[in-house]
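J.: The following block contains the structure, expressed as structure tokens.
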Amino acid sequence: MPAQKEILYLVFLALAVRTVRLQLIGSEDHGWAFIWDYNGRAEQVYYDSMVARWNYNTNLTLENSLKQDEANFIEAHFDKQAAQIASNFDWQNFNNTTLKRLFRKITLLGTAVNHIDQAREAREYNNLLAEMRLIYSTGKVCEYHNPSSCLSLNPDLSDCLANNHNYDRLRFCWEGWRDAVGRKLKDKYPRFVELSNQAVHQGVPNWTDTGAYWRSWYETADFQEQLENLYNQLKPLYNNLHAYVRKKLREQYGQDKISATGPIPAHLLGNMWSQSWSNIYDLVEPYPGKTSIDVTSKMLSDGWTVDRMFRISDDFFKEMGLIEMPQNFWDNSMFVKPADREVVCHASAWDFYNAHDVRIKMCSNVSMQDLVTIHHEMGHIEYYLQYKHQPVPFRRGGNPGFHEAVGDLLALSVSTPTHLQTIGLLDTVEDDNESDINFLMSMALDKISFLPFGYLMDQWRWGVFNGSITPATYNQEWWKLRTRYQGIVPPVPRNNDKDFDPGCKYHVPANHPYMRYFVSYVLQFQFHKALCETSGHTGPLHKCDISAGTEAQKAAAGEKLARMLQMGSSQEWPDAMEVITGQRDMSAQPIVDYFQPLIDWLEQQNQGETLGWDDTWTPPYDCEATDGFTCKDGSRCVRPGDRCDGVNDCADKSDEQNCSIVPTGPTGGAAVSTVTNFASTVVCVLVALLMVNLVP
Ligand code: BJ2
Ligand code: ZN
């Protein structure tokens, strides 16, 4: 920050603090002056911290980690000061509602900020978060019989889950990731939760815990009740899809491995977290031989590149009259995984808060799924570009779910067979009922399969934050929710003393809230329906491509969307929703309408099947054939991660004997994994620095 500006700022601060002793500042003109002054400074401070975060996330070195810490610290300090100055204003009695809202947002502090008075806890919180993210991002699973050959989540383990139908190989990849990552996070998470709750509670005593703070962003008093209602309306769709997929998987893997009335083994659904089932489309395709919506193979055979996927996405935004990606986006983004360094591969969109610099970081592969993810991330960027004129505190979505819905909403049009044909991804499009069902199945495998997962992630975290789920029951409670909502079970028994399966999903160690995605899966269909009407679409909702109308119709739809995006969070979300949909409530009806033909078809197919599942069923497994170790006394099967890990799992201790002949990673896990030495080094150095207080 330039010295002169710093001085002006301190003068302003001093005046404000002096005034408060006499009385709160009531002048709205002074209020606006503060806001614009704050805005300029916030842009600078946030820009600096985003640059430091970007540099670290795209090159996980110790040096970059320390720079990121420093930038986080400066940002937190700035936020805290700004909140203190803002509280010297009598903003609660301001007449101008926009000004009042801006002050409210500046005074409601975020988590890390409130620790600044206790520097030690602030550092501990930041270090824990950094360690957890690093463990996740550098986790590797090494082959049981070839420990020097190790698999990363992206692309190796994701490909493993997506592309093969070998029950045991799938189990190896699924279990290996949990052994590699979850177990290392298990002891860190409880302290993180404690510190996070402390921070939030100190900031605003009304917020009893971090979950309450996260929910406050929705400004909806009965938010949880509304979510439950939405979920209950959508449950029959999921149960029908689940029963049909279970039937097909029984045909593929055998009736001994999958029960007709039980939950589905979690590793068979094509995805590490069973959250999207698109990758098993080939196993469940309703009408083989009719138009197949499996376009990845076409992309590969036609030589599609990652760059082309980003251009196609950008073209769609442009076609709708929205803002195209600026040149600096193309220059600065990271589209593919670099070969020469460790990075955080989980895809993300970045706003650098200077109304200019926006980027995507993604380890993209050529596939239909990644094309949809690119639209998802570009939707975030579009929001950033549309609301860049807003003051910093309003540069947010109408609510967090709005931000998540934008790119997905456009991808709903891009994914229609007619649109795929226009971009060269489908040769022929048959217009008949059977092709329609194929298409709806492909969409349901992504959208309907996600709903219970999107709903349960933060059911678990809210329980953890409010203390109803304790560290001793983290893993049990996680699986209770996974079985209750998703109807899935682990393929091999979990060791609840050691496993921490929720930590194996990015958003837990990275501490990103998740309910926004559930909300977004509802909203995106509401927005789609409304924009389809604006763009002149008639007929079934699932056939709508909002770019298919006349130029004027397309422009009208794009303009409506842009108008909502430009509002950012300057007004409560029902106002933003009204701009697009003409009404003010969340509703599950459009998603039900969209899938109605498939629901009817599934109900027919599922005659004679049991909808739902018996929570007590668990899959059989052969100990030795699945890399397990049978205790010498035959009493139990020890999973590979438990073998030679320094803990006696067998009563006769045989799992801890003859360890030198078992191929082990640094954890001592037999079949499993290792966080790279680099990660351990960073963590050790960070801890050492913390102990001697060298980190600023
Ligand atoms: C792939 C996607 C997130 C997202 C990333 C990581 C967490 C936040 C951001 C934010 C955006 C913003 C993701 C997609 C659907 C389900 C979920 C999943 N990555 N984030 N900076 N998804 O939302 O884009 O980019 O401005 O808030 O996690 O489970 O894969
Ligand atoms: Zn997103």
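J.: Averaged over every viewing direction, what's the projected area of the C-alpha convex hull for the stretch 110-253? Give it in nm², one decimal, please.
T.: With every direction weighted equally, the projected area is 12.4 nm².
J.: Shifting gears a bit: How far, in nm, would the chain grow between Lys632 and Thr208 when pulled straight, counting 0.36 nm per residue and subtracting the alpha carbon separation? Please list the in-between numbers first.
T.: On the way: separation 424, 0.36 × 424 = 152.64 nm, distance 5.01 nm.
Roughly 147.6 nm would be gained on extension.
J.: Any idea how far the Cα center of the stretch 576-616 sits from the one of the stretch 525-569, in Å?
T.: Value for the Cα centre distance between the two parts: 21 Å.
J.: How fast does the stretch 202-341 diffuse by Stokes-Einstein, in µm²/s, taking the Kirkwood radius from C-alpha pairs at 20 °C and 1.002 mPa s?
T.: Values: Rh = 20.5 Å.
Stokes-Einstein gives a translational diffusion coefficient of 104 µm²/s.
J.: Please state, to two decimals, what the Cα-based radius of gyration of the stretch 20-81 comes to when divided by 2.2 N^0.38 Å (N = residues).
T.: On the way: Rg = 16.2 Å, N = 62, 2.2 N^0.38 = 10.6 Å.
That ratio works out to 1.53.
J.: Quick one: P(r) of the stretch 331-450 from all Cα-Cα pairs, 5 Å bins, percents rounded to integers, in order of increasing distance.
T.: 2, 10, 16, 19, 17, 14, 11, 7, 3, 1, 0
J.: Percent of Cα-Cα pairs per 5 Å bin, from 0 to the last occupied bin, for the stretch 263-420, please list those.
T.: 1, 8, 15, 19, 19, 15, 11, 6, 3, 1, 0
J.: Can you give me the long-range amide H partners of Val638? Hydrogens built in the peptide plane at 1.01 Å from N, cutoff under 5 Å, separation of 5 or more residues or another chain.
T.: Residues meeting the amide H criterion: Phe629, Thr630, Cys631.
J.: If you don't mind, there's one more thing I want to ask. Can you run phi through the Karplus equation (6.51, -1.76, 1.60; θ = phi - 60°) for the stretch 162-177 and list ³J(HN,Hα) in whole Hz, with x for Gly and Pro?
T.: 7, 10, 10, 10, 9, 3, 6, 5, 4, 5, 4, 5, 5, 6, x, 4
J.: Would you work out the Kirkwood radius for the stretch 350-407? I mean one over the mean of 1/r across all pairs of different Cα atoms, in Å.
T.: Values: mean 1/r = 0.0830 Å⁻¹.
Kirkwood hydrodynamic radius for the stretch 350-407: 12.0 Å.
J.: Then there is this: Please find the FRET efficiency linking Ala33 to Gln226, where r is the Cβ-Cβ separation and R0 is fixed at 30 Å, and quote it to the nearest 0.05.
T.: Values: r = 39 Å, r/R0 = 1.30.
The calculated FRET efficiency here is 0.15.
J.: Going by Cα centres, the stretch 324-365 and the stretch 41-71 are how many Å apart?
T.: First find each Cα centre; the distance between them is then 14 Å.
J.: In whole angstrom, note down how far apart the Cα centers of the stretch 147-203 and the stretch 449-500 are.
T.: Using only Cα atoms, the two centres lie 14 Å from each other.
J.: For the ranges 224-232, 341-349, what's the packing order if you count other beta-carbon atoms within 10 Å of each residue, average per peptide, and put the highest first?
T.: Numbers: 224-232: 15.4, 341-349: 18.7.
So the order, starting with the most tightly packed, is 341-349, 224-232.
J.: Quick one: 3J(HN,Hα) in Hz for the stretch 568-573, Karplus 6.51/-1.76/1.60 with θ = phi - 60°, rounded, Gly and Pro as x.
T.: Rounded to whole hertz, the list is x, 10, 5, 10, 5, 4.
J.: Between Ala339 and Asn146, what is the label-point separation in nm under the 7 Å Cα-to-beta-carbon projection?
T.: Taking the simple label geometry, Asn146 and Ala339 are separated by 2.0 nm.
J.: Here's something else I'd like to know. Can you tell me which aspartates and glutamates have their Cα less than 14 Å from the Cα of Lys318? Leave out same-chain residues fewer than eight positions away.
T.: Glu382, Glu551, Glu559
J.: Separation between the Ala472 and Asp117 pseudo-spin-labels, each 7 Å from Cα along Cα→Cβ, expressed in nm?
T.: Taking the simple label geometry, Ala472 and Asp117 are separated by 3.3 nm.
J.: Where Lys and Arg each count +1 and Asp and Glu each count -1, what net charge lies around Gln486 among other residues with Cβ under 13 Å from its Cβ?
T.: On the way: positive: Lys235, Arg246, Lys480, Arg482, Arg484, Lys505; negative: Asp501, Asp615.
Around Gln486, the surrounding residues sum to +4.
J.: Could you compute the FRET efficiency for Ala555 and Asp431, with r as their C-beta to C-beta distance and R0 at 30 Å, rounded to 0.05?
T.: Working from the Cβ atoms, E equals 0.65.
J.: Now a separate question. Could you give P(r) for the chain, binned at 20 Å from zero, as whole percent values over all Cα-Cα pairs?
T.: In whole percents, the pair-distance histogram is 16, 51, 29, 4, 0.
J.: For the stretch 556-605, what does the equivalent ellipsoid look like in terms of its semi-axes, each the square root of 5 times an eigenvalue of the Cα gyration tensor, given largest first in whole Å? If you can, show how the numbers build up before the last one.
T.: Details: eigenvalues 197, 30, 11 Å².
Square roots of five times the eigenvalues give 31, 12, 7 Å.
J.: Something else now. Work out Dmax and Rg for the stretch 233-291 from the C-alpha atoms and quote the Rg first, both in angstrom.
T.: That works out to 11.7, 33 Å for Rg and Dmax.
J.: Would you mind checking which residues have amide H under 5 Å from Leu151's amide H? H placed 1.01 Å from N; only 5 or more apart, or other chain.
T.: Those lying under 5 Å, H to H, from Leu151 are Val141, Cys142, Glu143.
J.: Can I ask one more? Suppose only helical runs count, i.e. DSSP H with n ≥ 4. What mean residue ellipticity at 222 nm does that imply for the chain under -39500 (n - 2.57) per run, divided by all residues and rounded to the nearest 500 deg cm²/dmol? Don't skip to the end; give the middle numbers.
T.: Numbers: 24 runs with 366 residues, N = 696.
About -17500 deg cm²/dmol.
J.: Treating the beta-carbon of each Lys and Arg as +1 and of each Asp and Glu as -1, no other charges, what is the dipole magnitude of the chain about its Cα centre, to the nearest 20 debye? Display every interim value, and only then the final one.
T.: Working: 62 positive and 86 negative charges, 300 e Å.
It works out to roughly 1440 debye.
J.: For every other residue with a beta carbon closer than 12 angstrom to the beta carbon of Asn229, add +1 if it is Lys or Arg and -1 if Asp or Glu, then tell me the sum. Don't skip to the answer; put the middle values down first.
T.: Values: positive: Lys235; negative: Asp222, Glu225, Glu228, Asp585.
In short, -3.
J.: Once Rh is set to the Kirkwood radius over Cα pairs, what Stokes-Einstein translational diffusion coefficient, in µm²/s, holds for the stretch 466-583 at a temperature of 4 °C and a viscosity of 1.567 mPa s? All intermediate terms of the calculation are to be shown ahead of the outcome.
T.: Working: Rh = 17.9 Å.
D, rounded to a whole number, is 72 µm²/s.
Bear in mind that the values in this text are calculations on the coordinates, not laboratory data. On a predicted model such as this, the values are computed, not experimentally measured, just so you know. Methodologically, a virtual Cβ is constructed for each residue, glycine included, from the backbone with ideal geometry; neighbour enumeration extends over all protein chains shown.
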